[in-house]
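What follows is a set of notes on a single structure, which appears directly below.
Please treat every number below as a calculation from the coordinates, not as lab data. Given the structure is predicted, the values throughout are model-derived calculations rather than measurements. Don't worry about glycine lacking a Cβ; one is built from the backbone with ideal geometry, like all the others, and counts go over all protein chains shown.
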Amino acid sequence: MVDVYRFLLTPRWWGINVFVLLAIPFCVFMGSWQLGRFEDRVQAHRTAEASASTAGSEPARPLAAMLPVTTQTSGKQTTAKGRYDKQLLVPGRELDGRSGYYVLTLLRVDGGKALPVVRGWLPGTADPAKAPAPPTGEVTVTGALQASESPGSNGVSAVGGLPPGQTAAISAASLVNLVPYTPYDAWITLDKADAGMKAVPPAAPDNTGLDLKAFQNLGYTGEWFVFAGFVVFMWFRLLRREVEFVRDAELGLLPDVPGTADTPGEKSEETGTAPATPSATA
């Protein structure tokens, strides 16, 4: 029985065995890693939901105590004091199934920096004439803290070439080219919109929802574990075929190899004599 498996010591099978021993742990590791990524997204989703449910009941904290924006502070209530300055419109934003635009006003605070404040939403095409002017004098605003947007993600337009006075994304990188002062790498949406506009609800932090990426992680988890099972299956199949081949060879059951039949001039195995050859003629 042991002799049947001596082929496992051949260089060919050494290579196969080493590949299997490396491939299985690698597939299990990658599957576990993808499963961990999915579980992290599920936990982040639960944390974001819990944070959103308590954000409205928590007292607003000063802006300086809430920065930088993280998954823990995003959506939480914050307050800031300053004077409204430049106003911009953010087109292509939907609310309650309708298309419209945000009215974004920069709030100049102490230190010279500016906080982008979404004062509300209006339906239709962005029109500066329809956007209410901001209050004058020193004001105190309260709203939900939001992280800077990334163009091309979460419904944020990446289209450039907008008319003057408009921006596609609410981000420090976009606003720094439109205003003569440094904007915060954050923004807030007011709890109560100004002058007949609709308040914009806060958005969930990036990478905290059960979106397509989360279920892709779950799908990759299954694929890696299937790969591990496939490697094991193929190894056993190759082993079985090799054992059957060896046993058939020992029993003499292997089919004749083409090209091994007796040919003229070869010694006959049955008689032990060479076959007759035609006699030469004169």
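If you add up the charges near ALA114, with Lys and Arg at +1 and Asp and Glu at -1, over every other residue whose beta carbon is less than 15 angstrom from its beta carbon, what do you get?
Working: positive: LYS81, ARG83, LYS86, ARG108, LYS113, ARG119; negative: ASP85, ASP110, GLU138, ASP185.
My count for the surroundings of ALA114 gives +2.
Given a cut-off of 21 Å, name the pairs among LYS113/LYS198; LYS81/LYS113; LYS81/LYS192; LYS130/LYS198; LYS76/LYS130 whose C-alpha atoms lie farther apart than that in the structure shown. Don't jump to the answer; show the numbers that get you there.
Values: LYS113/LYS198 27 Å; LYS81/LYS113 12 Å; LYS81/LYS192 16 Å; LYS130/LYS198 14 Å; LYS76/LYS130 30 Å.
Result: LYS113/LYS198; LYS76/LYS130 exceed 21 Å.
What spacing in nm lies between the two simple spin-label points modelled at LEU21 and LYS198, each 7 Å away from Cα in the Cβ direction?
With each label placed 7 Å out from Cα toward Cβ, I get 6.5 nm.
How many nm is it between the label spots at ALA173 and LEU253, if each spot is 7 Å from the Cα in line with the beta carbon?
Calculated label separation equals 6.8 nm.
Would you work out the Kirkwood radius for segment 79-203? I mean one over the mean of 1/r across all pairs of different Cα atoms, in Å. Spell out each step's value before the answer.
Details: mean 1/r = 0.0696 Å⁻¹.
For segment 79-203, inverting the mean 1/r across all distinct Cα pairs yields 14.4 Å.
How long is the gain from TYR181 to GLU138 if the chain were fully straight, where each residue apart is worth 0.36 nm and the alpha carbon distance is subtracted?
Values: separation 43, 0.36 × 43 = 15.48 nm, distance 1.82 nm.
Between TYR181 and GLU138, full extension yields 13.7 nm more.
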